[in-house]
Amino acid sequence: MPFTIIAPKPGPTTSDRILELILTHPHGITVKGLSDRLNRPVSMIQHCLKDLASLKIVRAELNPDDRQWVYYPASKLTEN
């Protein structure tokens, strides 16, 4: 069965869309929440978050109640 490789379409990247969602959720958002809202696999979300975290654009905190990582804009954690 032949397959066709498609070219990317112009517009915001997944990382851009993740950052936009994180910035609009001041109380933080989980990987699952991002995955559900963007209709992207969790592995793709994690890959993009790793890049954003290495650039110090986003930060993560482990929620002690449900043991999930919650992502915030980098400036959110410095205020605490």
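Do the conditions hold for S35, that is, is it buried (at least 16 other Cβ atoms within 10 Å of the Cβ), closer than 15 Å to I18 by Cα and polar (S, T, N, Q)? It is true that S35 is buried (at least 16 other Cβ atoms within 10 Å of the Cβ), closer than 15 Å to I18 by Cα and polar (S, T, N, Q). Within segment 43-76, the only residue that satisfies the criterion of being over 15 Å from T13 (Cβ atoms), assigned to a helix (DSSP H, G or I) and within 9 Å of the chain's Cα centre (by Cα) is Q46. Limited to segment 1-42, what total is found for residues that are assigned to a loop (DSSP other than H, G, I, E, B), among the hydroxyl-bearing types (S, T, Y) and farther than 12 Å from Y71 by Cα? Total meeting the criteria: 2. Hey, any hits in segment 23-30 for a residue that's open to solvent by 60 Å² or more (accessible area, probe 1.4 Å), among the aliphatic types (A, V, I, L, M) and more than 11 Å from P73 (Cα to Cα)? Checking segment 23-30: not a single residue is open to solvent by 60 Å² or more (accessible area, probe 1.4 Å), among the aliphatic types (A, V, I, L, M) and more than 11 Å from P73 (Cα to Cα). A count restricted to segment 38-80 and to residues that are within 13 Å of R17 (Cβ to Cβ), open to solvent by less than 80 Å² (accessible area, probe 1.4 Å) and among the polar types (S, T, N, Q) stands at 0. Pairs meeting the criteria (first residue in segment 10-31 and more than 17 Å from V42 (Cα to Cα), second residue open to solvent by less than 30 Å² (accessible area, probe 1.4 Å), beta carbons under 7 Å, at least 6 apart or on different chains) are L23/P73.
The values are calculated or read from the model by the stated rules, or taken from the named source; none is laboratory data. For clarity, every value in this text was computed on a predicted model and none was experimentally measured. Virtual Cβ from ideal backbone geometry, glycine too; neighbours counted across all protein chains shown. Areas reflect the complete protein model, heavy atoms only, side chains present, ligands, DNA and RNA absent. Shrake-Rupley method; radii C 1.70, N 1.55, O 1.52, S 1.80 Å.
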